[in-house]
Amino acid sequence: MDATTPAAGTSAPPPGLDTMNVTVKIKRYDPEKDARAYWAEYRLDVRPTDRVLDVLNQIKWEMDGSLSYRRSCAHGVCGSDAMLINGVNRLACKLLVRDLGSSIAVEPIRGLEVVKDLIVDMEPFFDSYKSVLPYFVNDDPEPARERLQSPEDREIFDESTKCILCAACTTSCPVFWTNGNYVGPAAIVNAHRFIFDSRDQATDERLAALNQPSGLWRCRTAYNCTEACPRDIPITKQIEEVKRALLWRQA
Amino acid sequence: MPRAHKYDVIVVGAGGAGLMAARYAAQNKDVKVAVISKLYPTRSHTGAAQGGVGAALGNVSEDHPEWHAFDTVKGGDYLTDQDVAETFAHEVVDAVYELEHMGLPFSRTPEGRIAQRKFGGHTREFGKSAVERACYAADRTGHMILQTLYQQSIKDQVTFFNEFHVLDLVLEDGSARGVVAYELATGEIHVFHAKATIIATGGNGRMFKVTSNAHALTGDLMSIVYRRGLPIEDPEFYQFHPTGLYKIGVLLTEGARGEGGILRNKDGERFMERYAPSIKDLAPRDMVSRAMYLEIQEGRGVGPDGDYIHLDLTHIDAEIIEERLPDITEFARIYLGVDPIKEPVPVQPTAHYAMGGIPTTIDTQVVADGEGTVVPGLYAAGEVACASLHGANRLGTNSLGDLIVFGRRAGIEAAKYAARVDYEPMPAGVDERAREELERIRAASGSERAAHIRKELQDTMMDNASVFRTEATLAKQVEILADLRERYKQVSVEDDGQVFNTELMEVVELGFLLDNAEQLVYAARNRTESRGAHSREDHQDRDDDRWLEHTMVYRNDDGSVRVGAKPVTLGKYEPKPRVY
C-alpha cells in the first residue's frame, strides 16, 4: 500500500490541505504493567476541526488499542471526558485541534486517583456531591398540577442546573489538590441549585452540610473552577452566594 | 467462579427509563432493586435530549390527550398500536406533573406554569395547526430529566452497579432469571440472579456514520435477546432527525423550528412549504428528512458540494435564542464556527432513534412471538423497547414521554411480579457463553481492527439502508454484513489487561452493532412498501392491505434470519393518507 494512502476503512483523514500533523503527548499508566506514569508520544495527521476526543479515538483505533479513557456523548453534555489538556481542565469532546495548535498534551484530571491512563476514580467526587443533599425536598402535599414558580424565581438558579458532574471544576481547585476531603465546587454548585429554588424546603440541612471543616469555607476564591467549567457556570460567584446565604441564616 | 448477586428486580440501564423503573420498583417495599449500567448514570444519553416532553397540559393554549393520541398515531403512519397511544397520551400528563413534583426545573410561563412550545407533528383539533405541547427546560429538557431522576435515586438510596457491562441474559425454559455482566474496573464476571429483569438500555444509532447518538449506543440488549432467540419488532423504522450539525451529526433540537426556525435550500427558499403546506417546517421528522434529501438530490443543497441545508434562525430575536436555545447555539459556534444569531447553520439529517426494539405488551412485558406470548420475568422500556407507541415514525418529544410513562409502568409491573413469585433456580455455568466470547476475542490473532469494520458498517449502512432504500441497496447490504461478520472473527485486541479494558468492550459492542444492522436490513428488505421512516424508492406507496402489520425479526439456531409479523392494534383512528 502507498504510504500516503489510508487503509480501507481507516478512521484517519486523508492527508491533504485540510489536515495537519500533530504531536500528542499522553500521560499513561497501566496498573498491571507500570510502576509509575510516563509520557507517551504520538504523531498523526488530523483535521483542524477534529475534537481532541477524535484525536484520542484515532490513536486508540489506529495506533494503540490499549489507550483508555471514558467517553460517551462526544458533544459536551454527558460529562465523561474531562481531562487536563495543555495544562487546563477541558472536555476532550468540546475542544478542537485548531484551538490548540500542533502540540497537544493530555493528562488525567488532578486530585483523584488514576486508575488507568486518563481514567480516574470518580467515587470520592460523587461522595462529596451526595453529601450536600443534591435532591429536591418538599414535604407539603403534592398539588394536582404543577407547583407554581415565576420565571424570575426560576432564573435565579438557572446556571447551576447546567452542571454535568464532569469534575473539571473540582479537580482544578488548588484547595482540593491539597485536601481531598474538601467538598469542592461541583458539590457547592449542586447545593446552590436547590438552595435558590423557591420550591425547595431543605435549605437549612444543606447549609449545615456545607458548614463543616471540609465544607464551603475552604474555598479561597481562586477562580480556577469558573475558568474550568465547560458549561460556563459562574461557579465562584455561586459559591459566594451560598456563603452569603449561610451568613444570613446564622445572623 | 463468577461473583454472584441476588435482587428481586434488576434494571439494566440508568437513563430516563431505567431510573424511572428503579424508582417505582423500589416503592414496593417487598422487593430489593439494583440498577446495572455500563456508564455512570448521569452519562446516559437521555441527558442529550433537548427540546421537550409532549403532554397535553394546555398551559399555553387549549389541548387534550385525545389530540395528542391522534397525532401520535398519524405521526406513526398508523403502525402505532392505538391502545398504547391513548394510554400514553393520558398518563404522560400525570408523569410530567410528577417530574415537576420531583423538582424538575421546567422553564415557566408568565403565570408560573410549566412552559410549552410547538413541536413537529403536534397539532390542535386533529391536524388543524401546530399546538404548544412540548414542556421544556430551555433546550436541555433531557438533561434535567436525567439529573432529576438521578438526584431522587440518591434520596431513595437506590443500589447501583456503575460501569458494569451486561454481556448476556439468563433465559432458561422460557423465563428470564437475570443477567451476566462484566465489571470494567476489574475484568471480573458477575451473575445477577433476579425474579424480574427490566431492560432499559436505549438505542443503536452507532450503526450509522452520521448520528446524534453517543458512542455508548450500540444496541447491546437488542442483540443479546436476539441471540437468545427472542424477536425484534419493527427495526426497519429508524428515524433520521432533520437537523444534525453538518458532518458531525450533533443534534440541533426541533424546538429551534418550534421557536420559528426555517429550513432553506441554496436559493434561500423555504422548501417545506411545498412538502407540507399546512405545518411546513414542523412536519414530522421522516417527511422533513426526506424533503431535505430530495432538495439535495435535485441540486438545491447548500455549500461547495451542495450536500447540506440551512437552518435559519436569524430572524428570531437574539434574546429568545440565548434564553430558550442556549446549548444548540453553543454547539453551532464551537463545532462549526457559525453563530446562529447572525448566520444560518449547515445541517443534514442525522441517525437519531429506533422506533422498533424489543417487543412488549402495553404493560412492558417482553413478548416472544407474533401471538404475544409473554416471557415471564422480562420487561423492557424506553428506546430499546417497542410497545409500539411510535409506529413507523416517532413524533418529537414522545421519546422523553415514552421513558417516563413506560419506565414507570415497567417498575410497577416488575415489582408486582417479583413480589408474588419465588426465584427460579439459577443453573450453574450461565456465565460460560460470555466468558467464551471474551476469551475468543482475547485469543484472536487476526489482522482486523474493530475500528475499520465499524467504519465500513457505518458508511455502508448510511449508503444502503438510511433515509431511502431499494431492493438493490438492501440486497447489497445483506452481502456486506455477511462479509463484515466473517471479518469480525479476525478482530484482535492489543490490550491484554483486566483493568478498564475498553478495547475489549469496543469489540464486544461492535458484535452487538452487527446484529442490530442485520435486524434492520432484513426487515427493511422484507417490507415492500413505504411507511413512515421506511422509504422504499422501488415501492413508494403505503400498502395497508398487505403491510398494516408489525415486523418480527428472529435469528434461527443455524444463524439464518426469519421475518414474521404481529398484528397492529387499531382503534378509533382509521388509517388515512398522511398529509400535513
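A few points about this structure:
- DSSP beta bridges in the protein assembly as shown [antiparallel fraction, %, rounded to 5]: 70
- Peptide B:211-217 shows a mean partner chain C-beta count of 5 within 10 Å per residue C-beta.
- Cysteines in chain A lacking a second Cys C-beta under 4.7 Å: A:93, A:163, A:166, A:173, A:219, A:229
- Calculated P(r) of chain A - Cα pairs past 27 Å, %: 45
- The smallest convex shape that holds all Cα atoms of the stretch B:432-567, its convex hull, gives 128 Å³ per residue.
- In chain A, the longest principal axis of the Cα atoms and the axis of helix A:185-195 are about 40 degrees apart.
- Sites residue B:576 and residue B:333, calculated FRET efficiency, Cβ-Cβ separation with R0 45 Å, nearest 0.05: 0.55
- Estimated from helical segments only, the mean residue ellipticity of chain B at 222 nm is -10500 deg cm²/dmol, where each DSSP H run of four or more residues counts as -39500 (n - 2.57).
- Loop sites in the stretch B:66-158: GluC sites (Glu not before Pro), DSSP, at most 16 other Cβ within 10 Å: B:111, B:125
- Paramagnetic reach from residue A:227 (point 7 Å along Cα→Cβ, amide N under 12 Å) across the stretch A:73-98: A:87-89
- Environment charge at residue A:46 (Cβ cut-off 12 Å; Lys +1, Arg +1, Asp -1, Glu -1): -1
- The GluC sites (Glu not before Pro) of the stretch B:184-275 that meet both conditions, a loop assignment by DSSP and at most 14 other Cβ atoms within 10 Å of the site Cβ, are B:188, B:269.
- Length-normalised contact order of chain B in % [C-alpha pairs under 8 Å, at least 6 apart]: 21
- Nearest 10 degrees, 0 to 90: helix A:235-250 Cα axis against chain A principal axis: 20
- Where trypsin sites (Lys or Arg not before Pro) fall in DSSP loop in the stretch A:36-96, at most 12 other Cβ within 10 Å: A:36
- Alpha-carbon centroid distance for the pair the stretch A:57-108 / the stretch B:377-442, whole angstrom: 33
- Dimensions of chain B from C-alpha coordinates, computed as largest minus smallest value along each principal axis and given longest first, are 65, 52, 49 Å.
- Cα-based equivalent ellipsoid of the protein assembly as shown: semi-axis lengths in Å, sorted from largest, via gyration tensor: 35, 32, 30
- Around residue A:150: net Lys/Arg minus Asp/Glu count, Cβ-Cβ under 14 Å: -2
- Among the residues of B:38-48, the average count of other protein chain beta-carbon atoms within 10 Å of the residue beta-carbon is 5.
- Spatially, the stretch B:169-220 and the stretch B:459-491 are offset by 24 Å when compared through their Cα centroids.
- Among beta bridges identified by DSSP and lying wholly in chain B, the antiparallel ones come to about 65 percent.
Each reported figure results from applying straightforward, stated rules to the coordinates on display, with no laboratory input. What you see is a predicted model; the values in this text were computed from it and never measured. Methodologically, a virtual Cβ is constructed for each residue, glycine included, from the backbone with ideal geometry; neighbour enumeration extends over all protein chains shown.
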